[in-house]
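Worksheet for the structure shown next.
The values are calculated or read from the model by the stated rules, or taken from the named source; none is laboratory data. As the structure is a prediction and not an experimental result, all values here were calculated from the model. Counting neighbours? That spans all protein chains shown, and the Cβs are built from the backbone with ideal geometry, glycine included. We work out accessible area using only protein heavy atoms, side chains counted, and drop any ligands, DNA or RNA first. Shrake-Rupley method; radii C 1.70, N 1.55, O 1.52, S 1.80 Å.
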Amino acid sequence: MSLNLNDLIKIKLMYRNFFTRVKNIIPKISSTELIALRSGSVSLDGQIFQGEVNLPGPPKKITMDEYAFIPKVDKILNQYKDSVVFPGPDTDKILDAIGQAKLLGFIVPKSYGGSEISTTSMSNILTRITSANPALGIMTMVPNSLGPGELLTHYGTQEQKDKYLPGLVTAKYIPCFGLTGPNNGSDATGSIDKGIIFKDPSDQSIKIKIKFNKRYITLAPVANLIGLAFHLEDPDGLLINEAQAQSGVTLALIESSHPGLIRNTYHNPLNAGFPNGTLKGEIVISADHIIGGLSQAGNGWKMLMECLAAGRAVSLPATANAASKVATYGTFLYASHRHQFKRKLIQMEGIQEKMIEMMYQTWVIQSSIAMTNTLLDDGEKPAVISAIMKQQTTDRARIVINHGMDINAGSSICLGPNNFMDKFYQSSPIGITVEGSNVLTRNLIIFGQGLNKSHPNINQILDSVLNDDLDGFKSSFNAMIRHVLGSYGKCLKHQIVSNSLLEKQTYEFANLANFVALLGGAIKEKQFISGKMADILSNLYLAYSIEWYGLHHSIPKYWTDYCIQRLCDENKAHFNLVIDNYSFTLLKPLLCLQRYRIPSEDLEHKKMVFNQLIYDQLIISNIKENIYVSEIIEKLEDLHQLDPTTEEYQRLYDQVIQVGEYDI
């Protein structure tokens, strides 16, 4: 049927009306938010929003060159596993040892002396170091994460790369990066320090005057190569003739001897023993100090977001992995032999309840890390998944640690050589707080950013609105309608027929996300809802990682099924809460079929799974994998191999149950 002119005009007016309505509900997006949305890639998160997931391929195999780092790492750990990295007498020796082993050059190209190892290998090494000494892990991971090394590799001028990258590998240069201050923490660019560009009257060269007050800067007290983030202002229009250069967040690099730099105080994060401190001062720099040169002026936020899209998925999850693995493995051994009330702790259901929770949470952490590392090794830079990994692994590790503290009881609260829990308990809040607090990450980034970035249509609709492109909007809007109807139809179908609960919940999330998207800009304020949607999205990603890990590591089906079921069960309550509190009354009945009846937990099944677990050497060895075996863990392992009726067993048992005693 052909359309006449009046029909075409009516259709165009209809789309213009839709366009205006959508424009009114879309939140105001700042330039920094827009850069964050445009940074990184969409990966498995996009498939979840689509409603159908294809798992990635097998994990990357570790090369012989990568394995060669393990003896070097263990040599350092044997010597410094119990050392306070900072402040302490061994700080310089530790830095020298790390430099000689080239542990700071994992992400530096081989052409500059770096090792350029896989993400999987780097994550394993960072896990191993952190499992022995969390402070030493932080000392190693920061130069291999967001900072001068990565920024120079991707954006530095050739002169900057030649000068600094070889020295970063050998620890000739110890880097730090100054972003946060008293008025910009998780809101990193909120009230960032200012820099003013001017022309030096003596030689007419471009200079920048920066006044800054940075805090929470890891490695600042020991660093001699310092990255600074500041907002560049150009009151005289000096950047007009510079291609790509503009006012805005800019990144510069200075050495510790730079005139005007003040480093005279440090922080003490929970006595965790790693260097963290302040950077202050009023300095003048040349344009050559800008990372990438003057052409990169004003592009600093984009540079940071591109690097953070991948980096946040590696370092902090590795610390969570280390803490949860040591806590779970050590507690399993301890509970298998420690007697109270004339029985082993592990025979008591109260302990079993906490122990299976520790194993479950640790499995979630290690499986998700393994799959995420594989995505990164495949070249992905998944910003939303990076946020999921940072928040979920550090929060879940805290659960593991708290349960471990409960089971080990007096042995975990008294400092001494037999306490393998205290260093992780002490440092667990740090990972939860840094690189964007978990409260911010969960409530504003994971679903809020995911909806705009990972949804199959919303990003295109957003672009068309921002560009005032009615034709582009029409195409994207039509695609959105097809997706909404298709998702709803598939959701209804899977209420009746579904291969798995995980698959069913993936369709349900894709459908529910379309309904929640109608809240528009109000999503930023409705953080009860966005937080729960983030939980659902995160749990689905974690569940797929467990499925993936089980496939590629031949994990027994009973354990894979149990862990996936747990995550899906967590989601049931989240789905119900979002649906029950959905604010569009007329649309709410369309979601009623997605509500769950939540049955009571099957305690007999839980006990059966636990009884299989404690004798399943494959599971136990997987949990132990990539951790450094400390002296107390080694003694517990020896105890586990001995006949309990022998004198040797009793002597060793008496040793491992001792706690630290100090002279009055």
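Observations, loosely collected:
- Screening the stretch 228-245 for residues that are touching a strand residue (DSSP E or B) at 6+ places or on another chain (Cβ under 8 Å), assigned to a loop (DSSP other than H, G, I, E, B) and among the hydrophobic types (A, V, I, L, M, F, W, C) and picking the one that is least open to solvent (accessible area, probe 1.4 Å) gives LEU239.
- Enumeration of residues in the stretch 196-227 that are of a type in the set (D, E, K, R) and open to solvent by less than 10 Å² (accessible area, probe 1.4 Å): LYS214
- Test: residue in the stretch 551-559 that is modelled with pLDDT of 95 or more, open to solvent by less than 20 Å² (accessible area, probe 1.4 Å) and either assigned to a helix (DSSP H, G or I) or closer than 30 Å to GLY330 by Cβ (or both): yes
- Filtered by the rule that a residue be touching a residue at least 24 places away in the same chain (Cβ under 8 Å), open to solvent by 20 Å² or more (accessible area, probe 1.4 Å), not in a helix (DSSP H, G or I) and not basic (Lys, Arg), the stretch 84-134 gives VAL84, PHE86, PRO87, GLY88, ILE107, PRO109, GLY113, SER115, ILE117.
- Matching entry among VAL314, VAL249, VAL284 (being in contact with an Asp or Glu (Cβ under 9 Å, 6 or more places away or on another chain) and either of a type in the set (A, V, I, L, M) or surrounded by 21 or more Cβ atoms within 10 Å (Cβ to Cβ) (or both)): VAL284
- Number of the exception - SER428 against (1) crowded, with 24+ Cβ neighbours inside 10 Å; (2) at pLDDT 95 or above: (2)
- Here is the figure for the stretch 44-54: residues that are surrounded by 15 or more Cβ atoms within 10 Å (Cβ to Cβ) and more than 20 Å from ALA383 (Cβ to Cβ) total 1.
- If you check ASN271, ASN241 for being within 18 Å of ILE138 (Cα to Cα) and out of contact with any Gly (no Cβ under 8 Å at 6 or more places or on another chain), only one passes: ASN271.
- Residue match in the stretch 152-165 (condition: modelled with pLDDT under 95 and within 28 Å of ILE627 (Cβ to Cβ)): no
- Some residue of the stretch 602-622 being closer than 19 Å to ALA513 by Cβ and either open to solvent by 100 Å² or more (accessible area, probe 1.4 Å) or among the charged types (D, E, K, R) (or both): no
- The stretch 389-402, subset of a type outside the set (D, E, K, R) and surrounded by fewer than 23 Cβ atoms within 10 Å (Cβ to Cβ), residue nearest to HIS339 (Cα to Cα): ASN402
- Selection from the stretch 330-347 of residues that are exposed (fewer than 15 other Cβ atoms within 10 Å of the Cβ) and part of a loop (DSSP other than H, G, I, E, B): PHE341, LYS342
- ASN443, sole failed condition from (1) part of a helix (DSSP H, G or I); (2) over 18 Å from ALA387 (Cβ atoms); (3) open to solvent by less than 60 Å² (accessible area, probe 1.4 Å); (4) touching a residue at least 60 places away in the same chain (Cβ under 8 Å): (2)
- Some residue of the stretch 271-280 being over 18 Å from LEU251 (Cα atoms), outside any helix (DSSP H, G or I) and polar (S, T, N, Q): yes
- For first residues located in the stretch 476-490 and within 15 Å of PHE18 (Cβ to Cβ), partners that are surrounded by 17 or more Cβ atoms within 10 Å (Cβ to Cβ) and among the β-branched types (Val, Ile, Thr) and lie 6+ apart or on another chain with Cβ distances below 6 Å form the pairs SER476/ILE461.
- Enumeration of residues in the stretch 452-475 that are touching a residue at least 24 places away in the same chain (Cβ under 8 Å), open to solvent by 30 Å² or more (accessible area, probe 1.4 Å) and assigned to a loop (DSSP other than H, G, I, E, B): PRO456
- Taking the criterion of being touching a residue at least 24 places away in the same chain (Cβ under 8 Å) and within 15 Å of THR331 (Cα to Cα), the residues of the stretch 380-416 that qualify are ALA397, ARG398, ILE399, VAL400, ILE401, HIS403, GLY404, ASP406, ILE407, ASN408, GLY410, SER411.
- Qualifying residue in the stretch 497-506 (condition: over 30 Å from THR393 (Cβ atoms), at pLDDT below 85 and not basic (Lys, Arg)): yes
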